[in-house]
Amino acid sequence: MKVSKKQSLTEEFYNHTGMIFYAVAASDKVVRAEEIRTLKKLVKEKWVPVDTVTDEYGTDEAYKIEIAFDWLQENAPEAAWAFNEFKEYKKDHQQLFDPKINQLIWETADAIAASFSGKNKAELIMLSKLKILLT
């Protein structure tokens, strides 16, 4: 039996996706409440419907994006580190990153950057690096 791409979005995928969103939010060294609200809203509205995988408690795996983001925010690693972790994961798991997923990652990252008084220089640089990575 062939496993569909829909079924292969694992906890590890969502953890790394949380890393790229943290990298965008933290690129200017400050993660703002508006950025967190935007992330939580988009996870619920856009990411939860992507697949039907849940964990052992019945929680949609997409919420692992928020969990990873929150952990990173609490531990405050450099944004560049989180970006590189995502970049390496993507390189090793290209099959998970179809055009639909890449577009969703881009839209979420772009919305996070725009959520607090527009995009600043650090966020624009991080977004341009992400755009290159996703194409």
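What to note about this one:
- The set of residues from region 30-76 being assigned to a loop (DSSP other than H, G, I, E, B), without any contact (Cβ under 8 Å) to a residue 12 or more places away in the chain and of a type outside the set (Gly, Ala, Ser) comprises Val30, Glu56, Tyr57, Thr59.
- Region 114-135, residues that are under 21 Å from Phe13 (Cα atoms) and not in a loop (DSSP other than H, G, I, E, B): Met126, Leu127, Lys129, Leu130, Lys131, Ile132, Leu133, Leu134
- Only one of the listed residues (Phe69, Phe116) is closer than 21 Å to Ser27 by Cβ, modelled with pLDDT under 95 and crowded, with 19+ Cβ neighbours inside 10 Å. That residue is Phe116.
- Residue selection: Asn75 fails the criterion of being in contact with a helix residue (DSSP H, G or I) (Cβ under 9 Å, 6 or more places away or on another chain) and of a type in the set (S, T, N, Q).
- Region 85-95, residues that are in contact (Cβ under 8 Å) with a residue 24 or more places away in the chain and either within 16 Å of Thr135 (Cβ to Cβ) or crowded, with 18+ Cβ neighbours inside 10 Å (or both): Glu85, Phe86, Lys87, Tyr89, Lys90
- Taking region 77-103 as the range and being acidic (Asp, Glu) and not in a helix (DSSP H, G or I) as the test, the residues that pass are Glu78, Asp98.
Yes or no, residue by residue, for (1) hydroxyl-bearing (Ser, Thr, Tyr); (2) surrounded by 22 or more Cβ atoms within 10 Å (Cβ to Cβ); (3) more than 18 Å from Ala111 (Cα to Cα):
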site: Leu39; (1), (2), (3): no, yes, no
site: Thr52; (1), (2), (3): yes, no, yes
site: Glu56; (1), (2), (3): no, no, yes
site: Phe83; (1), (2), (3): no, no, no
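The values are calculated or read from the model by the stated rules, or taken from the named source; none is laboratory data. The shown structure was predicted, so the numbers you read here are calculated from the model rather than taken from an experiment. Here the Cβ is made from the backbone with ideal geometry for all residues, glycine too, and neighbour counts use every protein chain on show.
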